[in-house]
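Reading through the structure tokens given below for one structure.
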Amino acid sequence: MQKEYDFRDIAAKQGMKDTGRDGGVLYVTDEMDCYRELKERGCYVVPYLHEGNRGVTFSDARYVVEDLQEIEEEALERIYRRMAGLPWNICETKRCLIRETTEEDLDSFYEIYREPSITKYMEGLYSDRQEELAYIKNYREYVYAFYGYGMWTVLEKDSGRVIGRAGLSEREGFTIPELGFVIGLPWQRQGYAYEVCVAILQLAKEELEMERVQAFVLEQNVASAKLCGRLGFVKSGKEHLEDGLWYDRYERNLTV
């Protein structure tokens with residue numbers, strides 16, 4: 001069995017150059033020979049596992065599909081985007097688009113983080129551009145794929161410019177997801193951070209079904225502390241984190 005799912009329109013809209021038959025198609029097959037042939041051709045292909053082929057091992061497959069009759073088109077699109085390296089649009093606000101980060105965002109990130117006030121309260125980027133590129137690539141491949149969320153890129157819809165980053169992440173040693181955000185200096189004091197974080201918290205509650213979210217803020221970072229208050233976070237204590245500094249810990253209950 002072999003099925004084809006056509007995502008050429010999506011690939012073209014994302015600026016993908018090779019949107020021909022194979023470049024814009026996701027193949028699903030339950031046959032090892034067909035799977036290997038498509039892989040050798042450089043196609044995007046995932047195995048379909050069912051009762052009739054449980055003994056077949058697709059050991060090199062990043063993704064597999066089960067219950068093909070029940071799987072939604074959105075799930076297949078996510079798989080295609082992962083394999084083709086195309087970002088997933090997370091959500092929109094009145095003024096912003098929040099999407100997965102790509103390597104093409106890096107120049108904008110370096111421009112934003114060049115402002116000293118940005119790194120005053122948070123870790124900066126790698127000084128070596130290649131290290132940061134490798135980090136983004138690994139993050140896309142492993143963090144987004146494993147959790148289904150992470151730190152995302154924020155774009156201003158009118159201009160299309162990258163204006164910051166925001167999202168949800170997992171911090172080692174804690175069981176509650178963490179909200180993080182940074183908005184570039186030219187777009188600060190215009191309500192962008194609040195607008196974006198409200199949308200992310202709504203997503204966390206309604207789509208990701210999270211019950212609580214936390215945030216860590218240095219005591220001197222008055223602006224972020226005020227924003228946490230506006231977002232409904234409550235200070236729950238202090239934490240000594242891996243950078244050696246003490247942070248105020250804020251929590252938001254999403255079930256009320």
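The values are calculated or read from the model by the stated rules, or taken from the named source; none is laboratory data. These numbers were taken from a predicted model, which means no experiment stands behind them. Virtual Cβ from ideal backbone geometry, glycine too; neighbours counted across all protein chains shown. For the accessible areas, the whole protein counts, side chains as well, though only heavy atoms, and no ligand, DNA or RNA atoms are used. Shrake-Rupley method; radii C 1.70, N 1.55, O 1.52, S 1.80 Å.
Loosely packed, with under 13 Cβ neighbours inside 10 Å and among the aliphatic types (A, V, I, L, M): is that true of Val25 in this structure?
Details: loosely packed, with under 13 Cβ neighbours inside 10 Å: no; among the aliphatic types (A, V, I, L, M): yes.
Here the answer is no, as Val25 does not meet what is asked.
Would you say Lys17 is within 15 Å of Glu77 (Cβ to Cβ) and either among the charged types (D, E, K, R) or at pLDDT 85 or above (or both)?
No; evaluated as a whole, the condition is false for this residue.
For segment 45-81, enumerate the residues that are under 16 Å from the mean Cα position of the chain (by Cα), surrounded by 19 or more Cβ atoms within 10 Å (Cβ to Cβ) and of a type outside the set (Phe, Trp, Tyr).
Across segment 45-81, the qualifying residues are Ile79, Arg81.
What about Ile90, is it over 15 Å from the mean Cα position of the chain (by Cα), more than 22 Å from Asp30 (Cβ to Cβ), open to solvent by less than 40 Å² (accessible area, probe 1.4 Å) and not basic (Lys, Arg)?
Against the criterion (over 15 Å from the mean Cα position of the chain (by Cα), more than 22 Å from Asp30 (Cβ to Cβ), open to solvent by less than 40 Å² (accessible area, probe 1.4 Å) and not basic (Lys, Arg)), Ile90 does not qualify.
Can you name every residue in segment 117-151 that is open to solvent by 60 Å² or more (accessible area, probe 1.4 Å), at pLDDT 95 or above and part of a helix (DSSP H, G or I)?
Listed by number, the residues that qualify are Arg129, Gln130, Glu131, Tyr135.
With among the charged types (D, E, K, R) and either modelled with pLDDT under 90 or touching a Gly at 6+ places or on another chain (Cβ under 7 Å) (or both) as the only criterion, which of Asp105, Asp67 stands out?
Going through Asp105, Asp67 in turn, the sole match is Asp67.
Would you confirm whether or not segment 14-26 contains a residue that is in a loop (DSSP other than H, G, I, E, B) and among the polar types (S, T, N, Q)?
There is at least one residue in segment 14-26 that is in a loop (DSSP other than H, G, I, E, B) and among the polar types (S, T, N, Q).
Quick grid of which residues meet (1) in contact (Cβ under 8 Å) with a residue 24 or more places away in the chain; (2) open to solvent by 40 Å² or more (accessible area, probe 1.4 Å); (3) over 26 Å from Trp246 (Cβ atoms):
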residue: Thr153; (1), (2), (3): yes, no, yes
residue: Gly164; (1), (2), (3): yes, no, no
residue: Pro177; (1), (2), (3): yes, no, no
residue: Cys197; (1), (2), (3): yes, no, no
residue: Glu209; (1), (2), (3): no, yes, yes
residue: Gln220; (1), (2), (3): yes, yes, no
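Which condition does Tyr110 not pass, out of (1) of a type in the set (Ser, Thr, Tyr); (2) under 22 Å from Leu227 (Cβ atoms); (3) out of contact with any Lys or Arg (no Cβ under 7 Å at 6 or more places or on another chain), if it passes all the others?
With respect to (1) of a type in the set (Ser, Thr, Tyr); (2) under 22 Å from Leu227 (Cβ atoms); (3) out of contact with any Lys or Arg (no Cβ under 7 Å at 6 or more places or on another chain), Tyr110 is out only on (2).
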